[in-house]
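Everything below concerns the one structure shown next.
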Amino acid sequence: MKKHIFKIIFLFALSLSVSCEDATDISQEGELTEDAAYRSLADVQSGLLGAYAAYSPDGGGNGTGNSLYANAILGDNLKAGLASNGQGAQDYNYIVSFTTGSIPHNIWNNRYVTINFANRVLGSLDRLSLSFTSDELIEANHIKAQLLALRALCHFEILQYYTTDYSNPNALGAINMDFVPETSDTFERNTVSENLTFIKNDLNLALDLFDAGNATNASPIWIGEDFVKFLKLRIALTEGDNSTTNIDLANELLADYPLASFGEYVGMYLDVDNTEVIFKLSRVVGDNGVAQLFYFNFPGSGDGFLEMSNELFNLLDAEGGARRQAFVNSASTVVGLNDPANELLINKYPGSAAGQAINDFKMMRASEVQLIKAELQARNNMLSDAATTVQELRTARGSSTATPASYADFNTALSDIMLERRLELCYEGHRWLDLKRVGPELGIGLTRNSADCTSFEGVCDISTSDFRFTLAIPQDEINGNNAISQNPQY
């Protein structure tokens, strides 16, 4: 499935629903109705592609973006590049903005647009299902499973960014949306408990509907059963479900997706190897390249307006191995330790055969499963097992960092696992969420290397209790939905 097809279908889906500025401004008079647009299974398949196309966590550029950008700029893995004209300075300095084009707006709007597209196709599937043959119904259910899983993912990500407390079942999270609302409808956000129940119901239903014999199951650019299993692990970690059955689920995935070797790992970021890729977003010519979140035109000297932080570079340089090779562009210049003249070029999205700066966005990988497994083991006081799991990943990456045979205590284990997550998952949309989730437990907030934060003349420290670790409900949503509550202190 090629992304240029997604673009065509996206325009088709757009004719069904003008892109909303919030979760409730979805339906407009005079639009092409679903009854007219979806008359066959082929039409529904086109609608599925439109939903895929709508979802863009890797979108943005030139100092703006979605969740991948948010986790980079709000965390401790970036500094201003030598080519900087101030791109990202406001976000880096935690200057609150939740207007159109801001991080809070982009994430909220994109997820609810995607949810809206999914709900429209799901409604049409329900309407058409009685007219399908038995074979068509199997295919229709497989499509429905993908839409339900995508809808669950979007609701979960809204919960991650906009709730104040994952562990409080009564805290406000996302608006559960399993229908297409009227423009006059207004909604308060559901609670964390209600969100998790809704999300899990979607995922469990999806698992019952997938067709194991469908050809798309062999491709990492289609949502399948393993996508759902992976997402269940992410959810378990976030909500604090430390059941050992989740360790079993992690082992089940790792049996099918082994950790990549040194060469396979480097090849994965060139889009020539999928050994440990469970799910990725396909990107081809005509798409916005992920590297444009950091570069004006191409990954290379003199073009980066955002660069790798000195702190992250120092960690990668000390361990060596595949990550040092894959993540740091060879055109980088290191003048000295934490020197302001260091040009530390990000190489995680170096381009591919599809074009300069264009790479598939790997959303779900075996290495994250390995790290989830390690954290679950640590939380079950399996400290020697957790250490072994971390060391297996470091060995696969050719890291010179040695893990002790057993962690001395839980906090030591969790701190080391968070370090490994920082290295392995940098620029993949995790770091800031990791600090939000685990920071209060370890008593740490955001602490940037002074050489990095002064590159923006920026904020060096954000406490774990800072209200800005929860995003604001965007202003457009507040304007159109007078029933919704804003997060505290915004």
Spatial separation of Cα centroids for the stretch 185-206 and the stretch 348-407, in angstrom: 30 Å
If you count, for each residue, the other Cβ atoms within 10 Å and average over each peptide, how do 151-159, 378-386 line up from highest to lowest? 151-159, 378-386
For a quick check: with amide H placed at 1.01 Å from N, whose amide H comes under 5 Å from Tyr407's, ignoring anything fewer than 5 positions away on the same chain? Ser384, Ala387
Rough spin-label spacing in nm, given labels placed 7 Å along Cα→Cβ, for Ala42 and Asp461: 6.4 nm
Tell me, what is the FRET efficiency for Ser193 and Phe298 to the nearest 0.05, using R0 = 41 angstrom and their Cβ-Cβ distance as r? 0.30
Semi-axes of the chain from the Cα gyration tensor (sqrt of 5 times each eigenvalue, largest first, whole Å) come to 35, 26, 23
By the mean-Cβ-within-10 Å protection proxy, highest first, 334-345, 221-232 rank as 221-232, 334-345
Packing rank of 54-65, 451-462, where each peptide gets the mean count of other beta carbons within 10 Å, highest leading: 54-65, 451-462
Hey, can you find the accessible area per residue of the stretch 359-462 for me, probe 1.4 Å, expressed in square angstrom? 32 Å²
Inter-centroid distance (Cα atoms) of the stretch 264-315 relative to the stretch 409-472, Å: 21 Å
Between Ala318 and Ala212, 0.36 nm times their residue separation minus their Cα-Cα distance comes to what? 33.7 nm
With every protein chain kept in place and ligands, DNA and RNA left out, what is the accessible area per residue of the stretch 106-200? Probe 1.4 Å, answer in Å². 34 Å²
Rounded to the nearest 20 debye, what is the charge dipole size of the chain about its Cα centre when +1 sits on each Lys and Arg Cβ and -1 on each Asp and Glu Cβ? 620 debye
Just the number, please: carbon plus sulfur as a percent of the accessible area of the chain, 1.4 Å probe, no ligands or DNA/RNA counted. 50 percent
Please give the FRET efficiency for Ser330 paired with Asp165, using the beta carbon to beta carbon distance and R0 = 35 Å, rounded to the nearest 0.05. 0.20
Taking H placed 1.01 Å from N in the peptide plane, check which residues at least 5 places from Ile278 or on another chain put their amide H under 5 Å from its amide H. Met364, Arg365, Ala366
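The values are calculated or read from the model by the stated rules, or taken from the named source; none is laboratory data. This is a predicted model, so every value here is computed, not measured. Glycine also receives a Cβ, built like all others from the backbone with ideal geometry; neighbour counts cover every protein chain displayed. Keep in mind that these areas ignore ligands, DNA and RNA; they rest on the heavy atoms of the full protein, side chains included. Shrake-Rupley method; radii C 1.70, N 1.55, O 1.52, S 1.80 Å.
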